[in-house]
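These notes are about the structure you will find just below.
The values are calculated or read from the model by the stated rules, or taken from the named source; none is laboratory data. No experiment lies behind these values; they were computed from the predicted model shown. Quick reminder, even Gly has a Cβ in these numbers, built from the backbone with ideal geometry, and neighbours come from all protein chains shown.
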Amino acid sequence: DEEGDRPKTALEMCYLFEYLFQACKGGRSYAYICSNGDVYPCSNCAAEHLFCAGNVNESSFSDIWENSFKEHRAITWKDFKGCETCELREYFEKGMFCKLRCPPISRVLYNDLLYCGATEYTKAKSLWFARSYF
């Protein structure tokens, strides 16, 4: 029924937005604030000091949220390289979405913000999931 298909929690809504917009939910649905006040789209970005949007000790969170995530928000899944030859691609058309398109993880693994962020292990785990549920 329609009622049963609706997100029931804020987190479910975040995942729905991620799927609908074909882009990471970090900086779109939530943000990560470090103990020093630095604001990042997510903890992965904070770990790599990527896309720092500002500091809540210097600016209001609402100002940071409204004005400072433009670079990160411009990235969508279509920007990532390597997806066109991925084994998981056939499952994308069946409704699965790939969580391995992550700029900070891509940079750590391949020194490229917009390359697939999968290791052999994470890709194998995703393939297992896809084959089991799609």
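Would you please list the contacts, defined by Cβ atoms under 8 Å and residues six or more apart or on different chains, that run from a residue in region 110-134 that is more than 20 Å from Glu93 (Cβ to Cβ) to a residue that is surrounded by fewer than 15 Cβ atoms within 10 Å (Cβ to Cβ)?
Cβ pairs passing all conditions: Asp112/Lys81; Leu114/Asp79; Leu114/Lys81; Tyr115/Lys81.
Select from region 25-51 the residues that are within 15 Å of Ile105 (Cβ to Cβ) and of a type in the set (Gly, Ala, Ser) and list them in ascending order.
Gly26, Ser43, Ala46, Ala47
Could you list, ordered by first residue, the pairs with Cβ atoms under 6 Å in which the first is in region 67-83 and within 14 Å of Ala31 (Cβ to Cβ) and the second is in a helix (DSSP H, G or I), at least 6 apart or interchain?
none
For a quick check of your reading of the model, give me the residue pairs whose first member lies in region 42-62 and is not assigned by TED's automatic domain parsing to the domain that holds Lys99 and of a type in the set (A, V, I, L, M), whose second is part of a loop (DSSP other than H, G, I, E, B) and crowded, with 17+ Cβ neighbours inside 10 Å, with beta-carbon atoms closer than 9 Å and at least 6 apart or on different chains.
Short answer, once both residue conditions are applied: Leu50/Pro41; Leu50/Leu113; Ala53/Gly27; Ala53/Ala31; Ala53/Pro41; Ala53/Ser68; Ala53/Phe69.
Taking region 81-119 as the region of interest, how many residues are farther than 15 Å from Glu48 by Cβ and β-branched (Val, Ile, Thr)?
2
Out of all the residues in region 69-81, is one or more in contact with an Asp or Glu (Cβ under 9 Å, 6 or more places away or on another chain), closer than 24 Å to Leu100 by Cβ and either outside the structural domain of Glu120 (by TED's automatic domain parsing) or at pLDDT 85 or above (or both)?
yes
Condition first: in contact with a Pro (Cβ under 7 Å, 6 or more places away or on another chain) and more than 30 Å from Phe134 (Cβ to Cβ). Can you find one or more residues in region 7-27 that meet it?
no
It is to be established whether one or more residues within region 26-36 are crowded, with 18+ Cβ neighbours inside 10 Å, within 16 Å of the chain's Cα centre (by Cα) and among the hydrophobic types (A, V, I, L, M, F, W, C).
So far as region 26-36 goes, yes, one or more of its residues are crowded, with 18+ Cβ neighbours inside 10 Å, within 16 Å of the chain's Cα centre (by Cα) and among the hydrophobic types (A, V, I, L, M, F, W, C).
If we keep just the residues of region 37-47 that are under 26 Å from Phe97 (Cα atoms) and among the small types (Gly, Ala, Ser), which is surrounded by the most Cβ atoms within 10 Å (Cβ to Cβ)?
Ala46
Looking only at region 44-60, decide whether some residue is within 28 Å of Ala124 (Cβ to Cβ) and either modelled with pLDDT of 95 or more or out of contact with any Pro (no Cβ under 8 Å at 6 or more places or on another chain) (or both).
So far as region 44-60 goes, yes, one or more of its residues are within 28 Å of Ala124 (Cβ to Cβ) and either modelled with pLDDT of 95 or more or out of contact with any Pro (no Cβ under 8 Å at 6 or more places or on another chain) (or both).
Please work out if Glu120 is more than 17 Å from the chain's Cα centre (by Cα) and modelled with pLDDT under 85.
When the stated conditions are applied, Glu120 does not pass them.
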